[in-house]
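The values are calculated or read from the model by the stated rules, or taken from the named source; none is laboratory data. These numbers were taken from a predicted model, which means no experiment stands behind them. Neighbour counts run over all protein chains shown; Cβ positions are idealised from the backbone, glycine included. Quick note on the areas: whole protein, heavy atoms, side chains included, nothing else; ligands and nucleic acids left out. Shrake-Rupley method; radii C 1.70, N 1.55, O 1.52, S 1.80 Å.
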Amino acid sequence: MKLAVVVIACLVATVACAPTQRALTDDFDDFVGLLPLDDLLSLAMRYLLTDKEVQQVMLYLQGDEFASVWDQFFALSAVRDLLNYLEDAGVPAYDSLNAVADFLGLTPLKPTIRSLRSGGLNGLLEEALAMLPHEELEAMFEEKLKTSPEFKALFEKLQKFDHKQLRDLYENSAEVQGMIQKLRDHGVDVDHIVEVQGMIQKLRDHGVDVDHIVEVVKDFFGWN
């Protein structure tokens, strides 16, 4: 849920702060235009107000263990480098994440530069994923790689992301291990979420070693 909140917050902030000249933010605007933001917000609020499991997750996100996970994750140099890259491209990454931090009571980030299952956390994730226009998003992704130098540069930046830092964080952080166990306890079908076949095939078509990336992600979260 934290990930979904962060993504939506970043996208909404991007729309509000988009510059007048063509930039990476304009590419994000095009993606945002495909998303049913009002429906996703209504879905999240409904679960937050009525679903006890999601309410428990929100309490966990406001607790000490997740606060430690947050601090450790955003202390990684690879993560900071990516945030700085987005800021340089005109995306208000720090402002968006700090809105989430303020909502959850987490440490604010200081920039170094300027059948669906119903109920529970898994139900929220699956219903949210079902609302997304997957084919349109994939088509937009393909188009942007061909037509937008800024978006292609971001994609190449992500290809070079130091995944070893994430694996080291997983192996050495008791708080991360505790968070992952809580996801398992809530019955989140993590393997299904990771292996989204359509996007994986698109990435393979562009020469990305997706199988290796998936294995790294699975190793990080302990899903093997």
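What are the residues in region 62-80 that are small (Gly, Ala, Ser) and open to solvent by 40 Å² or more (accessible area, probe 1.4 Å), if any?
If the condition is that a residue be small (Gly, Ala, Ser) and open to solvent by 40 Å² or more (accessible area, probe 1.4 Å), then ALA75, SER77 are the ones that fit.
Just the residues that are surrounded by 15 or more Cβ atoms within 10 Å (Cβ to Cβ) and over 24 Å from VAL69 (Cα atoms), please, taken from region 153-188.
Residues satisfying the conditions are LEU154, PHE155.
Within region 86-102, track down each residue that is charged (D, E, K, R) and open to solvent by 30 Å² or more (accessible area, probe 1.4 Å).
Correct list: ASP88, ASP95, ASP102.
Quick one: would you say ARG114 is among the basic types (Lys, Arg), modelled with pLDDT under 90 and farther than 26 Å from LEU132 by Cβ?
yes
Could you pull out the residue among LEU11, LEU83, LEU43, LEU59 that is modelled with pLDDT of 90 or more, open to solvent by 20 Å² or more (accessible area, probe 1.4 Å) and assigned to a helix (DSSP H, G or I)?
None of the others qualify; the one that does is LEU59.
Could you look through region 117-134, keep only residues that are open to solvent by less than 60 Å² (accessible area, probe 1.4 Å), modelled with pLDDT of 80 or more and of a type outside the set (Gly, Ala, Ser), and pick out the one that is farthest from GLN55 (Cα to Cα)?
PRO133
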